[in-house]
1. Assign unit charges at the C-beta atoms only (+1 for Lys and Arg, -1 for Asp and Glu), then state the dipole size of region 8-127 relative to its Cα centre in Debye, rounded to the nearest 20.
2. Using r as the Cβ-Cβ distance of residue 282 and residue 138, and R0 as 22 Å, what FRET efficiency do you calculate, to the nearest 0.05?
3. Give me the dipole magnitude in Debye, nearest 20, for the chain about the Cα centre, with unit charges on the beta carbon: positive for Lys and Arg, negative for Asp and Glu.
4. Would you work out which of 261, 193, 98 lies farthest towards the positive end of the dipole of the chain? Charges go on Cβ: Lys and Arg +1, Asp and Glu -1.
5. Please check: in the Gaussian network model of the chain (C-alpha springs, under 10 Å), which one of 252, 56, 134 has the largest mean-square fluctuation.
6. Once the dipole of the chain is set up with Lys and Arg at +1 and Asp and Glu at -1 on Cβ about the Cα centre, which of 140, 283, 297 lies farthest towards its positive end?
7. Step through the table entries 142/203; 146/228; 28/144; 166/228; 106/166; 144/166, compare each Cα-Cα distance with 21 Å, and write down the pairs that go over it.
8. Give me the dipole magnitude in Debye, nearest 20, for region 140-302 about the Cα centre, with unit charges on the beta carbon: positive for Lys and Arg, negative for Asp and Glu.
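Derivation of every value follows stated rules applied to the coordinates shown; laboratory data play no part. Treat the numbers as computed from the prediction; the structure is a model and nothing was measured. Here Cβ is always computed from backbone atoms with ideal geometry, including for glycine, and neighbour counts include all displayed protein chains.
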Amino acid sequence: MSNPYGKIAFYPGCALDGLGKTYEVSLKLVAQDLGIPLDRIEDYNCCGALEVKNVNTMAGLLLPARNLSLAREMGADAVVSACPGCHYSLSRAQYYMSKYPKVREKANNYLEKMGTVKYDLKLMLIHAVEYVYNTVGIEGVKAKVKRPLTGLKVAPYYGCLYSRPKQYLLTGMAPLKDDPERPFFMDEILKAIGAEVVPFEAKTMCCGGPHVYSDVEVAMHLEARILKEARRNGAEVLVTDCPLGHVAIETNMRKIAEKYGKDLEMPLAYFSQLLAFAFGHSPEETLLVANITNPMSVLKRYM
């Protein structure tokens with residue numbers, strides 16, 4: 001499958017330079033193996049995905065707008081982000097700048113003052129899962145598999161912001177967007193490396209990630225719902241594409257098990273970690289060994 005996106009700019013966001021570093025490392029391995037570029041946006045800033053918009057509406061738009069402007073300065077036609085929160089924030093800024101001329105004018109005036117170009121609204125905005133699915137496709141993924149994960153039962157957890165709200169994500173629409181209510185791109189990618197995707201109705205439920213420290217009980221309740229659904233359907237690994245959700249669930253896993261039942265304990269892995277592992281990379285290269293919940297306890301049978 002040919003690249004429908006043109007020149008790519010990769011927006012890592014704060015998470016992939018912090019607690020989600022395992023995600024970026026494994027995603028780079030996957031991109032190299034598949035021959036798809038991931039050129040970082042230099043001097044990027046936080047996208048303000050969480051609480052900034054509640055404190056200062058304009059700042060919540062200007063922060064992501066600056067990253068979009070930097071991508072255009074690179075000559076990019078599309079921005080790939082791995083974090084759904086970042087994907088949401090960039091898409092939200094593009095939506096408001098597209099829909100409201102006064103917002104666009106004000107944001108561009110700020111951008112000029114900061115020394116970046118006015119943003120021209122010409123970028124396609126895509127998540128890393130969509131990037132893999134729409135470039136190399138399922139057959140391209142299958143062609144790189146050296147270590148099939150045959151029989152591994154997985155629950156693909158997309159999170160609540162991967163494909164929603166759809167009115168934001170359809171602005172600057174890229175080819176073949178995933179279904180906003182019942183996403184399936186990650187399901188198909190995981191099947192391509194041999195895994196068995198279990199039925200999983202919780203795939204877009206909120207995990208309460210922003211409240212993992214501020215309101216632990218609420219976060220644990222939401223996370224327990226996700227784990228219960230995954231375990232009820234026989235999943236051995238919860239597969240993620242969101243660093244906030246991944247870190248939130250791993251952080252609370254032991255407390256969830258104590259409160260809601262030991263059977264809910266299960267390993268988490270980023271989809272890119274499983275791909276890189278299936279492509280033949282070691283647990284050390286993929287940083288699977290760095291995950292708090294130790295997915296190698298399940299994956300060692302494929303070594």
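1. On the way: 14 positive and 12 negative charges, 107 e Å.
Roughly 520 debye for region 8-127.
2. Given R0 = 22 Å and the Cβ-Cβ separation, E is 0.35.
3. Values: 36 positive and 33 negative charges, 72 e Å.
Here the chain has a charge dipole of around 340 debye.
4. Comparing the listed Cα positions along the dipole, 98 ranks first.
5. 56
6. The Cα lying farthest towards the positive end belongs to 140.
7. Distance filter (> 21 Å) returns 142/203; 146/228; 166/228; 106/166; 144/166.
8. Numbers: 21 positive and 19 negative charges, 78 e Å.
Dipole of region 140-302, to the nearest 20 debye: 380 debye.
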